[in-house]
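**Student:** My questions will all concern the structure given below.
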Amino acid sequence: MKIALIGYGKMGKIIERIARSRGHEIVSIIDIENLSDFDSPAFKSADVAIEFTRPDTAIQNIRNCFKANVPVVVGTTGWALSEVQDELKAGNHTLFVSSNFSIGVNIFMAVNSYLAKLMNRFNNYNVEMTEVHHIHKLDAPSGTAITLAEGILKQLDRKETWTKEVEGKPSDLAIKSIREGEVPGIHTIRYESEVDSITITHDAKSRDGFALGAVMAAEFTAGKKGLLGMSDMLDFLKCL
């Protein structure tokens, strides 16, 4: 499969390594200094593009992929899907979006949702979340933390919305964000009562899990149309 990379920072380089190890060809690498390559024959020859850049550039990168008719897998978080949904549908384009491509994180999300469903019966437990990432991450809370919070809110009647850092009222779910060192990503959800606490944590050891998931998403996306996500890919993998 021919893959184009958009963003060539740490994640881009890891994705390149893993994609090549799985037998794929990298036909184009676009970074800040060569944005004109979106119009190149090499980029347009790609079966799929993988985008890991910044929240303030992701939407234009997606539009450039639509213009070139190249399916795109987007790992950047902190941008609004609503800004490109109409274009996606009108142009019959292909967009795979996930707040986190790690298979382990997606298992963790399922555990999180099930735990929240169980805890809905026990009003004496309050819940909060802490996420830790490297100092280069621009968005806070992380996209993964927001997805986890949404999973809790769907199941826990006593919580209505997530808030940054502090719980202003009992119906708030506080998400605390910490930025330090080169931490790939730690997400912790804690249910606290007067008598005990229940804590679940996902701790990424490296970026390799995210990169592998992104390449697998590209493999899944090639040849498909419309809006896709991790649930589509994981449902497909169950059938193999």
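The values are calculated or read from the model by the stated rules, or taken from the named source; none is laboratory data. Predicted model only: the values in this text are computed from it and were never measured. Heads up, the Cβs are rebuilt from the backbone with ideal geometry, glycines too, and the neighbour counts pull from every protein chain shown.
**Student:** Within the range 1-27, track down each residue that is within 22 Å of residue 184 (Cβ to Cβ), of a type in the set (Lys, Arg) and modelled with pLDDT of 95 or more.
**Tutor:** 13, 17, 20, 22
**Student:** Just to be sure I understand the filter: pairs with C-beta atoms under 7 Å, separated by 6 or more residues or on different chains, first member in the range 31-57 and touching a residue at least 12 places away in the same chain (Cβ under 8 Å), second member in a helix (DSSP H, G or I) and among the charged types (D, E, K, R). Which pairs pass?
**Tutor:** Pairs found: 43/37.
**Student:** Among the residues of the range 80-96, is there at least one that is part of a loop (DSSP other than H, G, I, E, B), among the hydrophobic types (A, V, I, L, M, F, W, C), closer than 23 Å to residue 224 by Cα and in contact with a helix residue (DSSP H, G or I) (Cβ under 7 Å, 6 or more places away or on another chain)? Can you show your working first?
**Tutor:** From the range 80-96, those part of a loop (DSSP other than H, G, I, E, B) are 80-81, 91-93; that's our starting set.
Next, only the ones that are among the hydrophobic types (A, V, I, L, M, F, W, C) stay: 80-81.
This time we only want the ones that are closer than 23 Å to residue 224 by Cα, so: 80-81.
Now drop any that are not in contact with a helix residue (DSSP H, G or I) (Cβ under 7 Å, 6 or more places away or on another chain), which leaves none.
Taking every residue of the range 80-96 in turn, none turns out to be part of a loop (DSSP other than H, G, I, E, B), among the hydrophobic types (A, V, I, L, M, F, W, C), closer than 23 Å to residue 224 by Cα and in contact with a helix residue (DSSP H, G or I) (Cβ under 7 Å, 6 or more places away or on another chain).
**Student:** With respect to residue 86, determine if the residue is in the same structural domain as residue 18 (by TED's automatic domain parsing) and more than 19 Å from the chain's Cα centre (by Cα). Write out each step before concluding.
**Tutor:** Details: in the same structural domain as residue 18 (by TED's automatic domain parsing): yes; more than 19 Å from the chain's Cα centre (by Cα): yes.
Taking the combined requirement at face value, the residue satisfies it.
**Student:** Quick check on my filter: what residues within the range 1-17 are assigned to a helix (DSSP H, G or I) and surrounded by fewer than 18 Cβ atoms within 10 Å (Cβ to Cβ)?
**Tutor:** Start the filter on the range 1-17 by keeping residues that are assigned to a helix (DSSP H, G or I), which leaves 10-17.
Answer for the range 1-17, where residues must be assigned to a helix (DSSP H, G or I) and surrounded by fewer than 18 Cβ atoms within 10 Å (Cβ to Cβ): 10, 13, 17.
**Student:** Does the range 25-42 hold any residues that are under 27 Å from residue 137 (Cβ atoms) and out of contact with any Phe, Trp or Tyr (no Cβ under 7 Å at 6 or more places or on another chain), and which are they? Even if it seems obvious, please write down each step before you answer.
**Tutor:** First, the residues of the range 25-42 that are under 27 Å from residue 137 (Cβ atoms): 26, 28-35, 37-38.
Listed by number, the residues that qualify are 26, 32, 33, 34, 35, 38.
**Student:** When you look at residue 60, is it more than 30 Å from residue 203 (Cβ to Cβ), in the same structural domain as residue 218 (by TED's automatic domain parsing) and touching a residue at least 24 places away in the same chain (Cβ under 8 Å), yes or no? Walk me through it before giving the result.
**Tutor:** On the way: more than 30 Å from residue 203 (Cβ to Cβ): yes; in the same structural domain as residue 218 (by TED's automatic domain parsing): yes; touching a residue at least 24 places away in the same chain (Cβ under 8 Å): no.
For residue 60, the condition - more than 30 Å from residue 203 (Cβ to Cβ), in the same structural domain as residue 218 (by TED's automatic domain parsing) and touching a residue at least 24 places away in the same chain (Cβ under 8 Å) - is not met.
Residue-by-condition table, conditions (1) of a type in the set (A, V, I, L, M); (2) surrounded by fewer than 20 Cβ atoms within 10 Å (Cβ to Cβ); (3) closer than 30 Å to residue 194 by Cβ:
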position	(1), (2), (3)
37	no, yes, no
49	yes, no, no
55	no, yes, no
58	yes, no, no
69	no, yes, no
86	no, yes, no
106	no, no, no
112	no, no, yes
123	no, yes, yes
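**Student:** Let me ask another. Only one of (1) of a type in the set (Gly, Ala, Ser); (2) modelled with pLDDT of 95 or more; (3) surrounded by 18 or more Cβ atoms within 10 Å (Cβ to Cβ) is not met by residue 42, so which one is it?
**Tutor:** It fails just one condition, (3).
**Student:** Every residue in the range 154-169 that is touching a residue at least 24 places away in the same chain (Cβ under 8 Å) and either surrounded by fewer than 16 Cβ atoms within 10 Å (Cβ to Cβ) or polar (S, T, N, Q) (or both), please.
**Tutor:** Passing the criteria: 154, 155, 157, 158, 164.
**Student:** For the structure I just gave you, tell me whether residue 137 is more than 19 Å from the chain's Cα centre (by Cα) and charged (D, E, K, R).
**Tutor:** Numbers: more than 19 Å from the chain's Cα centre (by Cα): no; charged (D, E, K, R): yes.
No; evaluated as a whole, the condition is false for this residue.
**Student:** Could I ask something else about it? I want to confirm something. Restricting to the range 18-66 and keeping residues that are charged (D, E, K, R) and assigned to a helix (DSSP H, G or I), which single residue is nearest to the chain's Cα centre (by Cα)?
**Tutor:** Step one: filter the range 18-66 for residues charged (D, E, K, R), giving 20, 22, 25, 31, 33, 37, 39, 44, 47, 51, 54, 56, 63.
Then keep just the ones that are assigned to a helix (DSSP H, G or I); that gives 20, 33, 37, 39, 44, 56, 63.
Details: 20: 22, 33: 25, 37: 25, 39: 27, 44: 25, 56: 16, 63: 19 Å.
Here the answer is 56.
**Student:** Looking at the range 201-221, can you tell me whether even one residue there is closer than 30 Å to residue 24 by Cβ, surrounded by 12 or more Cβ atoms within 10 Å (Cβ to Cβ), more than 18 Å from the chain's Cα centre (by Cα) and not assigned by TED's automatic domain parsing to the domain that holds residue 131? First the steps, then the outcome.
**Tutor:** Initial filter on the range 201-221 (closer than 30 Å to residue 24 by Cβ): 202-221.
Adding the requirement that they be surrounded by 12 or more Cβ atoms within 10 Å (Cβ to Cβ) leaves 202-204, 207-221.
Filter once more, keeping what is more than 18 Å from the chain's Cα centre (by Cα): none.
No - not one qualifying residue is present in the range 201-221.
**Student:** Mind checking which residues of the range 30-60 are farther than 18 Å from residue 210 by Cβ and touching a strand residue (DSSP E or B) at 6+ places or on another chain (Cβ under 7 Å)? If you could, list the steps in order and put the result at the bottom.
**Tutor:** Within the range 30-60, the first condition is being farther than 18 Å from residue 210 by Cβ, and the residues that meet it are 30-47, 56-57, 59-60.
If the condition is that a residue be farther than 18 Å from residue 210 by Cβ and touching a strand residue (DSSP E or B) at 6+ places or on another chain (Cβ under 7 Å), then 30, 37, 38, 40, 42, 43, 45, 46, 47 are the ones that fit.
**Student:** Does residue 80 satisfy the condition of being among the hydrophobic types (A, V, I, L, M, F, W, C) and either buried (at least 16 other Cβ atoms within 10 Å of the Cβ) or in contact with a His (Cβ under 9 Å, 6 or more places away or on another chain) (or both)? Break it down into steps so the answer makes sense when it comes.
**Tutor:** Values: among the hydrophobic types (A, V, I, L, M, F, W, C): yes; either buried (at least 16 other Cβ atoms within 10 Å of the Cβ) or in contact with a His (Cβ under 9 Å, 6 or more places away or on another chain) (or both): no.
So residue 80 fails the test.
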